[in-house]
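Student: Provided herewith is a single structure, encoded as structure tokens, for subsequent inquiry.
A short reminder: the numbers here are calculations on the coordinates, not readings from a lab. All figures in this text were calculated on a predicted structure; none of them were measured in a lab. All Cβ positions, glycine included, derive from the backbone under ideal geometry; neighbour counts span all protein chains shown.
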Amino acid sequence: MTDASLTAAQRDLSQAYAGGAPGVLVSGLVWLIAGIIWQLHGISAAFAALFFGGMAIHPLGVLIERIALRAPKATVGKPLETLASEATIPLFAGMMIAWVMLVRAPDLAIPTFAAIVGARYFLFRTLYGEVGYWGLGGVILLVAGLALFGLKTPPNLGFVVGAIEFVAAAWILQRWRARR
């Protein structure tokens with residue numbers, strides 16, 4: 001893929017998925033719901049909320065893109081959609097690691113899950129041509145890393161990651177609208 005064709009595919013994918021902002025927004029909502037569930041029912045229930053809620057991120061994001069934002073379908077960006085699908089495999093591998101942590105070291109399961117999500121956001125820079133995803137991924141990785149090493153972080157990472165993603169979604173959406 002040449003630089004010009006990559007740029008065209010990124011622009012096309014960004015238009016089709018509103019820069020990825022709806023997915024980030026839905027993910028933030030899933031994290032906030034997991035935070036509430038964590039408060040009420042504990043880490044295992046929060047982990048289940050992240051797992052099952054995570055499956056709803058893409059379809060709900062697409063619903064928002066098509067209905068609320070009236071984004072067109074991707075045409076040129078198909079190779080990048082394939083890359084996004086392929087990147088789901090390491091995400092599932094990471095979730096298996098987080099699940100093992102849930103059994104062996106429950107306090108590390110949610111921070112591990114957050115680190116996996118943060119790491120995956122770095123790929124979104126290539127998918128959408130939006131450098132803000134490096135920042136989003138970096139902030140989530142920083143918070144997850146602090147929690148994994150037992151440094152000072154709020155006890156409920158669901159609320160923290162959800163808030164980070166809400167702010168990032170608003171910023172990414174604003175940038176997408178400006179480029180439209």
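Student: At 0.36 nm per residue, and after removing the present C-alpha to C-alpha distance, how many nm does the segment from Ile33 to Lys152 gain when stretched out fully?
Tutor: So the chain would gain 40.6 nm between Ile33 and Lys152.
Student: Can you tell which of Ser44, Ser85, Ser27 shows the greatest fluctuation in a Gaussian network model of the chain with Cα springs below 10 Å?
Tutor: For the chain, modelled as a Gaussian network with Cα springs under 10 Å, the answer is Ser85.
Student: When the helix-only estimate is applied to the chain (DSSP H runs of n ≥ 4, each -39,500 (n - 2.57), divided by the residue count), what is the mean residue ellipticity at 222 nm, nearest 500 deg cm²/dmol?
Tutor: -27500 deg cm²/dmol
Student: Summing Lys, Arg as +1 and Asp, Glu as -1, what charge do residues with Cβ under 13 Å from the Cβ of Phe92 carry, Phe92 excluded?
Tutor: It works out to a net charge of 0.
Student: May I pose another question? Mind computing the radius of gyration and Dmax over the alpha-carbon atoms of the stretch 3-179? Å is fine for both.
Tutor: 16.0, 50
Student: Normalised by the residues of the chain, what does the relative contact order come to in percent, with Cα pairs under 8 Å and at least six apart?
Tutor: 35
Student: Please list, in order along the stretch 123-135, the HN-Hα scalar couplings obtained from phi with the Karplus expression 6.51 cos²θ - 1.76 cosθ + 1.60 (θ = phi - 60°), rounded to whole Hz, x for Gly and Pro.
Tutor: 5, 5, 4, 6, 5, 9, x, 10, 5, x, 5, 5, x
Student: Roughly what would the spin-label model give for Lys73 and Val167, points 7 Å off Cα along C-beta, in nm?
Tutor: 3.8
Student: Assuming R0 = 35 Å, can you tell me the calculated FRET efficiency for the pair Leu63 and Met96, based on Cβ-Cβ distance, to the nearest 0.05?
Tutor: Computed FRET efficiency for Leu63 and Met96 comes out at 0.80.
Student: How much length is gained if the chain between Gln174 and Thr82 is pulled fully straight, taking 0.36 nm per residue apart and subtracting their Cα-Cα distance, in nm to one decimal?
Tutor: 30.5 nm
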